[in-house]
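Shown next, in structure tokens, is the structure this report addresses.
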Amino acid sequence: MIYSREFCWRDYDDVAALWAATGRDVLPRGELTAKLTRDPQLFLVAEVDGVIAGVVLGTYDGRRGWILRLAVDPAHRRQGIATVLVGELEARFTTMGCPRVNLLVMPDSTAALRFWQTLGYLPMPDVLCTKPMGDTSRQPLG
Ligand SMILES: CC(C)(COP(=O)(O)OP(=O)(O)OC[C@H]1O[C@@H](n2cnc3c(N)ncnc32)[C@H](O)[C@@H]1OP(=O)(O)O)[C@@H](O)C(=O)NCCC(=O)NCCS
């Protein structure tokens, strides 16, 4: 049974371990604290038998929604966990009045591209441009 719910701080170590195990950048506690002051209802985890098996981080700037840091534990893949998480997140975006949702996928992430296309997310030809603000130490994109 897959159970999706909002993140709470006692989940942090499990979520950080999941991101690390799936090669995603781990959001530091400070960044997460800032994010949770805006739209805490868009940071979701999925539990299977009481264990955190998936995570997704959504943001909404009042105009567009963004989906970041989706990850499912390798031992729990192809069981519909990411589909449940994204479905719940989309429902929450809709409730907030969000008209379009965007996300970034590395071009060589064939599995991730397949997954997103299965859910109706289409690749766009735009090229991502980015610039860190202030401190120029390494900052992950998403
Ligand atoms: C991509 C990822 C989130 C998918 O999670 P998941 O829980 O296994 O996905 P689901 O079970 O909901 O898959 C739904 C459908 O997407 C497609 N899909 C999912 N993984 C796929 C894969 N590896 N190859 C091809 N199609 C895939 C299938 O159509 C699948 O339906 P099916 O299993 O009935 O064939 C997971 O593989 C993952 O965490 N990967 C590493 C991190 C990552 O790439 N995150 C996304 C970054 S943008």
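The values are calculated or read from the model by the stated rules, or taken from the named source; none is laboratory data. Note that this is a predicted model, so its numbers are computed, not measured. Backbone-built Cβ (ideal geometry, glycine too); neighbour counts: all protein chains shown. Ligands, DNA and RNA are stripped out before the accessible areas are found, and what is left, the full protein with its side chains, is counted by its heavy atoms. Shrake-Rupley method; radii C 1.70, N 1.55, O 1.52, S 1.80 Å.
Quick one: pull the percent of accessible area on the chain belonging to carbon and sulfur, 1.4 Å probe, ligands and nucleic acids left out.
54 percent
In a GNM of the chain with a 10 Å cut-off on Cα contacts, which of 57, 122, 68 has the highest mean-square fluctuation?
122
Where does each of 104, 44 land when they are ordered by accessible area, with a 1.4 Å probe and the largest first?
So the residues, ranked largest to smallest area, are 104, 44.
Obtain the radius of gyration and the Kirkwood radius of the chain from its C-alpha atoms and give Rg over Rh.
0.93
So what's the back-of-envelope 222 nm ellipticity for the chain, counting only DSSP H runs of four-plus at -39500 (n - 2.57) apiece and dividing by all residues, rounded to 500?
Here the helix-only value at 222 nm equals -9000 deg cm²/dmol.
Select from 21, 46, 82 the residue whose mean-square fluctuation is largest in a Gaussian network model of the chain (Cα-Cα springs shorter than 10 Å).
Highest fluctuation of the listed residues: 21.
Counting heavy atoms of the protein chains only and a 1.4 Å probe, report the per residue accessible area for the chain as a whole number of Å².
Result: 63 Å² per residue.
Just how large is the dipole of the chain about the Cα centre, in debye to the nearest 20, putting +1 at every Lys and Arg Cβ and -1 at every Asp and Glu Cβ?
I would put it at about 340 debye.
What residue among 50, 65, 87 has the largest mean-square fluctuation in a Gaussian network model of the chain, using Cα springs under 10 Å?
50
Quick one: work out the % antiparallel among DSSP beta bridges in segment 2-118, nearest 5.
85 percent
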